[in-house]
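These notes concern the structure reproduced below.
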Amino acid sequence: MTAPRKLFIKTYGCQMNVYDSERMAESLGGAGYTLSDHVEGADMVLLNTCHIREKAAEKLYSDLGRIKKIKADHPNMKVAVAGCVAQAEGGEIMRRAPVVDLVVGPQSYHRLPALEAEIRTGKRALDTEFPPEDKFDHLPKRSTLGRATAFLTVQEGCDKFCAFCVVPYTRGAEVSRAPQRILAEATALVEKGVREITLLGQNVNGYHGSDGSKDWGLAQLIRALCDMKGLERVRYTTSHPNDMEDDLIRAHGDCEKLMPYLHLPVQSGSDPILKAMNRKHTAQDYLRLIERIRAARPDLLLSSDFIVGFPGETDADFAATLALVETVGFASAYSFKYSARPGTPAAERPNVPKDVSDERLQTLQQLISRQQKAAQDSMVGRELTVLFEKPGREPGQMVGKSEYLHAVHVPAPNVRAGDLRRVRIVKSMQNSLTGALIDDKTG
Ligand code: 5AD
Ligand code: SF4
């Protein structure tokens, strides 16, 4: 028997890339590859890239510089670039980085074994087509798990065309997978021990899959998953406010397994900026929506994304963003400095000066981190349910996540990954909680 070949994968960016990297590892597993934690000694190095902001794309080229030096001593090592930078500038990568053997876009991952065989012959290959076949039909079954939580892609691409965003160009138009396929994948995950599934999509609440005779929305899919024996928790990300339909809001009230935590990007609190961003909702629309979701599920915690320094953003616009954050109160949020992306409508507009954006970003991040800490601190003294995922740093300690997505450290030598246990929260640390098992003398 030949020794397994070693595959090193580096994943940049979002959770969909994490999911895609797993699927690519499974796909190349069929070609004799096993995962390795080191670039040195790898037969194939695969960089799964992100194009959302300029910095994310630049990282690829600096990593390729380092890999080039390593490859000089390992001439048989193959280098592949996947993900959204591959899709957006595949030709340029080929020209700029001769160290790269293969460029493969997100819609072509099922072709990886064939592409790998091609580059083994010494050729270079580029595949950034949007092929007519569904890649999910051609990827192997989920195999590599043994974990308590998993991602499951239900929808890809986006038709919203926010003025700053490359996703509609790199991931293409919105495509939803058929519900039967998703439920089959979920069943396979649960059989492997998965207890929590996070449904993924660039615009996941825009999901509308057809079962052949009728259309399913995300709420219907969530309800079907919540009926699945052995599956204990469901989450979904990332959503657009305009696609939060009534049925989905209701599901937050009546599906016990749907976790009370929602990531709902708003991007800005200023109406003129929201309009310039092509978000097609106002700050008031967002606030009203939050009220309705909280009415359905009063303990729900919220998270969001913000962009500061979008072209044309004035001090008053930024103040409106701060006011929205104060009004909502987020348990966490990501904030980014606007980064002009080639090919997007906003890229042509005049930029806000860098020092102004830098200062706004700092101000916003300080406010968000105060809210984040307050939300975390408010858990102290409460009884929560923790899904344990792995051992902690200290002996006998286990780490898991609460319903509200906080990491919780608990002394629990007899608890295993995949166990759900009631925990009393005793302390709030910098980025996590500590707790003690309830109703358990032995841990
Ligand atoms: N510049 C800065 N942030 C961006 N995002 C998307 N495109 C850009 C850009 N050009 C942010 C948005 C989105 C998150 C995933 O990334 O806030 O919700
Ligand atoms: Fe990008 Fe999200 Fe807007 Fe779609 S909805 S264009 S993915 S920011």
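The values are calculated or read from the model by the stated rules, or taken from the named source; none is laboratory data. Treat the numbers as computed from the prediction; the structure is a model and nothing was measured. Reconstructed Cβ throughout: ideal geometry from the backbone, glycine too, with neighbour counts over all protein chains shown. For the accessible areas, the whole protein counts, side chains as well, though only heavy atoms, and no ligand, DNA or RNA atoms are used. Shrake-Rupley method; radii C 1.70, N 1.55, O 1.52, S 1.80 Å.
On full extension, the segment bounded by residue 370 and residue 275 gains 31.3 nm, given 0.36 nm per residue less the C-alpha separation.
Inter-label distance, residue 292 to residue 319: 3.1 nm, where each label sits 7 Å from its Cα along the C-beta direction.
Summarising the label geometry, the points placed 7 Å from Cα in the beta-carbon direction at residue 159 and residue 68 lie 4.3 nm from one another.
For residue 280, give me every one of the lysines with a C-alpha distance below 18 angstrom, ignoring sequence neighbours fewer than eight places off in its own chain. Partners found: 160.
Share of the chain's accessible area from carbon and sulfur, percent, 1.4 Å?
On the way: 10320 of 19930 Å².
The nonpolar share, carbon plus sulfur, comes to 52 percent.
Extension gain, residue 208 to residue 54: 0.36 nm times the residue separation minus the Cα-Cα distance gives 52.3 nm. What does a probe at residue 348 reach in the range 294-315, counting residues whose amide N is under 20 Å from the point 7 Å along Cα→Cβ? 310-313, by backbone N distance to the label point. For the chain, the ratio of Cα radius of gyration to the globular rule of thumb 2.2 N^0.38 Å stands at 1.01.
Each of residue 191 and residue 334 was given a label point 7 Å from its Cα along the Cα-to-Cβ line. The distance between the two points is 3.3 nm. A 1.4 Å probe run over the protein chains yields, for the range 181-327, 39 Å² of accessible area per residue, whole-number rounding.
Rounded to the nearest 0.05, what FRET efficiency is calculated for residue 355 and residue 439 with R0 set to 41 Å and r the Cβ-Cβ distance? Can you show the working numbers first?
Working: r = 55 Å, r/R0 = 1.35.
Computed FRET efficiency for residue 355 and residue 439: 0.15.
Suppose all protein chains stay in the model; what accessible area per residue would a 1.4 Å probe give for the range 1-142, in Å²? Write out the running numbers ahead of the final one.
Details: 6650 Å² over 142 residues.
Ligands and nucleic acids excluded, the result is 47 Å² per residue.
Within the range 145-246, list the GluC sites (Glu not before Pro) lying in a DSSP loop whose Cβ has at most 14 other Cβ atoms in a 10 Å radius. Those that pass, being in a loop and sparsely packed, are 245. First check a/c for the range 141-259, with a ≥ b ≥ c the square roots of the eigenvalues of its C-alpha gyration tensor; if it is under 1.5, answer rounded, and if not, answer prolate when a/b is larger than b/c or oblate otherwise. Judged from the Cα gyration tensor, the range 141-259 comes out prolate (a/c at least 1.5, a/b above b/c). The distance separating the Cα centre of the range 372-441 from that of the range 6-43 comes to 30 Å.
When the Cα positions of 25, 265, 212 are compared along the charge dipole of the chain, 25 comes out farthest toward the positive end, with charges on each C-beta of Lys, Arg, Asp and Glu.
Dipole size of the range 383-437 about its Cα centre, with +1 on Lys/Arg Cβ and -1 on Asp/Glu Cβ: approximately 60 debye, rounded to the nearest 20.
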